[in-house]
Amino acid sequence: MPTIAVTGKGGTGKTTVAALMLRWLVAHGRTPVLAVDADSNANLNEMLGVSYSATVGGVREDTRKRAGSLAGGLSKQQFLEAQINQALVESKGFDLIVMGRPEGPGCYCFANNVLRDVLARIARNYPWILVDCEAGLEHLSRRTLLDVDWLITVSDPSIRGLRTARRVGEVVEELKTRVRRKALVVNRLSDVTAGLTGAQKLAIDESGFDRVFMLPYDEAVKQMDETGGTAQDIGEESGIYRGVAEMLEKLFE
């Protein structure tokens, strides 16, 4: 059950990369995939061309409010599990679950623990799991998500962006989060064939990433954003899709 989590600050193309990764997995028979949108600004569904009606955060809040008045003798855990199963969005080759916004005031210790257990049980039905995280690694640090085989951090080519990506890797180490390997994706490079500059290499030299990949700036992504399209609108011949495909092939060697 390989689990891939994609993180990166806003504006780096993180969700686009995650959607293209999911597309590649489905196209190559690595199915079914459980796609988890763990970004509080949830928009992975738009990239995938599907809609959702409920989030895990909403289910958790509803469970907390209704804890003393659940019908039919249901326990909190049973109610939460039933509601989360209903929140799953089914599509061809993958299912999507949206985590939703961070919780508000109040204690969520029990709900988080149950949520972790419920997601673990759901995940057993999927040979592949892909998580679109937020830069803060909120769900990983709170242990509400599963162990991660590959944490993919997406950055733009700027020195500031690469330093931010490096700090994400450092936070993972500090939190002792259950991440087995870390890769850096430098996205939107104007010239991939030229490689990284000396300053860029220096910015990530001590980052601790196990692998570094480079993806090109691609007009197909700009067009998709401008027209409100989906990842399916990006052709297989595009530079970014070919780059994502090459990256996954190398990760799964």
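Just a few scattered comments:
- Calculated [222 nm] ellipticity per residue, helices only, for the chain: -12500 deg cm²/dmol; basis is -39500 (n - 2.57) per DSSP H run with n ≥ 4, divided by all residues, nearest 500.
- Taking every DSSP beta bridge that has both ends in the chain, the antiparallel portion is near 10%.
- Selected from 20, 183, 157, residue furthest toward positive end of dipole (the chain; charges at beta carbon): 183
- If only the Cβ of Lys and Arg carry +1 and only the Cβ of Asp and Glu carry -1, the dipole of the chain around its Cα centre is close to 900 debye.
- Given charges at beta-carbon only (K, R positive; D, E negative), |dipole| of region 172-253 in Debye: 480 debye
- Here is the tail figure for region 3-251: Cα pairs spaced more than 33 Å apart come to 20 percent of all pairs.
- Theoretical gain in end-to-end length, residue 90 to residue 225 [0.36 nm per residue, Cα-Cα removed]: 46.2 nm
- Exposure proxy ranking, count of Cβ atoms within 10 Å, fewest first, for 170, 90: 90, 170
- Rounded to the nearest 0.05, the FRET efficiency derived from the C-beta distance between residue 121 and residue 233 at R0 = 30 Å is 0.30.
Where a number appears in this text, it was derived from the coordinates with a stated rule and is not lab data. Remember, it's a predicted structure, so these values are computed and weren't measured experimentally. Please note: Cβ atoms are built from the backbone with ideal geometry, for glycine as well, and neighbour counts cover all protein chains shown.
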